[in-house]
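Only one structure is covered here, and it is reproduced in the block below.
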Amino acid sequence: MPQRPRLSFSLAVSPGISALFAEWPMPERLARARACGFDGIEGPPPSDPAALRARLDALGMSFTCMSFARGAAERGELGIACLAGRSQDFKDELARTIDTAAMLGCKQLHPMAGLVPDASSLARCKDIYLDNLHHACATAAAVGMQILIEPICAQRQPRYLLQRAAQALEWISEIGASNLSLILDLYHTAAEGESAPRIAAEHAASIGIVQLAQWPARTQPAQDDPVLCQTLAALDEADWHSWICAEYVPTGPTLHSLDWIRNLHS
């Protein structure tokens, strides 16, 4: 029987994106998650990685994926990896993130692509992004880390460079780095009209993390949600056992939103 995938949740609390276990302050938030079967967290670099590492170690949890190159939210940025004139910023932040990730034992890094300024900039933004991914993969490989990329659907971010899983898989193939993988988000995939079960069946080896949220409201998936069930079945068939991340907005208390976990034990 395939090994059970490990569970993580998004540490960041952003309106409309993720708020699991946000009813409790740290470190109780982590303890509550651990008691519910979660093995790890994801999020941006923490302000005090040593303190967080101590809390995670005490609970037997991991920092599974660290997002970086997020840009300045106050300026409307959603990543800098594809932006002209920001490649040195990207490289500098990559180096700092690798140091922070090493302190936390984190092996997966997610550079955010960014918003395309206008249609005429699309080709240039793609070239910059792929160049930065080449650099990130080579740099991360030297220290035994993985690079993950995540599409964000046009419905939520019309100008985000990377919007479809098919696009991400094409670029992963083009770059050809063994440490470059896809974050398969069931919400974004559904919003783009793509089939997560088919992607899981055909490209399991290219999937680093699966993120869960039900489309269209980005709430918790129902236990019998066919997309979730079929995606998990395809991953089981492929003997995939990496990380599954809960990245949804619970419709009520977090503890009332976890029925879907039973799918991982069936």
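The values are calculated or read from the model by the stated rules, or taken from the named source; none is laboratory data. Just so we're clear, the structure is a prediction, and the values are computed from it rather than from any experiment. No Cβ is skipped: glycine too gets one built from the backbone with ideal geometry, and neighbour counts run over all protein chains shown.
See the values below:
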| item | result |
| --- | --- |
| Filter pass, Leu78 being in contact with a strand residue (DSSP E or B) (Cβ under 9 Å, 6 or more places away or on another chain), crowded, with 21+ Cβ neighbours inside 10 Å and in contact (Cβ under 8 Å) with a residue 40 or more places away in the chain | no |
| Which numbered condition Ala165 misses (of (1) crowded, with 16+ Cβ neighbours inside 10 Å; (2) small (Gly, Ala, Ser); (3) out of contact with any His (no Cβ under 9 Å at 6 or more places or on another chain)) | (3) |
| Leading residue by the ranking (farthest from the chain's Cα centre (by Cα)) among those in the range 64-93 that are in a strand (DSSP E or B) and of a type in the set (S, T, N, Q) | Thr64 |
| Out of Gln230, Gln220, Gln211, sole residue that is closer than 30 Å to Asp118 by Cβ and in contact (Cβ under 8 Å) with a residue 24 or more places away in the chain | Gln211 |
| Close pairs (7 angstrom Cβ cut-off, 6 or more residues apart or separate chains): on the phi < 0 side of the Ramachandran plot and surrounded by 17 or more Cβ atoms within 10 Å (Cβ to Cβ) in the range 45-74, part of a loop (DSSP other than H, G, I, E, B) and of a type in the set (Asp, Glu) anywhere | Met61/Asp39; Ser62/Asp39 |
| Pick from the range 23-47, criterion of a type in the set (A, V, I, L, M, F, W, C) and modelled with pLDDT of 90 or more, ranking: nearest to the chain's Cα centre (by Cα) | Ile41 |
| Residues of the range 94-127 that turn out to be outside any helix (DSSP H, G or I), within 19 Å of the chain's Cα centre (by Cα) and either surrounded by fewer than 20 Cβ atoms within 10 Å (Cβ to Cβ) or of a type in the set (Gly, Ala, Ser) (or both), as a count | 4 |
| Conditions (1) out of contact with any strand residue (DSSP E or B) (no Cβ under 6 Å at 6 or more places or on another chain); (2) over 29 Å from Ser257 (Cα atoms); (3) of a type in the set (Gly, Ala, Ser): number failed by Ala31 | (2) |
| Every residue from the range 50-76 that is at pLDDT 95 or above and among the acidic types (Asp, Glu) | Asp57 |
| Where Phe90 falls short, out of the listed (1) of a type in the set (Phe, Trp, Tyr); (2) surrounded by 23 or more Cβ atoms within 10 Å (Cβ to Cβ); (3) under 27 Å from Pro216 (Cα atoms) | (3) |
| Spans of strands (runs of 3 or more DSSP E) in the range 156-266 with at least 3 residues within 25 Å of Cys82 (Cα to Cα) and within 14 Å of the chain's Cα centre (by Cα) | 180-185, 207-212 |
| From the options Pro45, Pro25, residue that is farther than 23 Å from Thr254 by Cα and assigned to a loop (DSSP other than H, G, I, E, B) | Pro45 |
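Yes/no matrix, rows are residues, columns are (1) within 25 Å of Gln157 (Cα to Cα); (2) out of contact with any strand residue (DSSP E or B) (no Cβ under 7 Å at 6 or more places or on another chain); (3) surrounded by 22 or more Cβ atoms within 10 Å (Cβ to Cβ); (4) among the aliphatic types (A, V, I, L, M):
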site	(1), (2), (3), (4)
Leu180	yes, no, yes, yes
Ile183	yes, no, yes, yes
Gln211	yes, no, yes, no
Arg218	yes, yes, no, no
Val227	yes, yes, no, yes
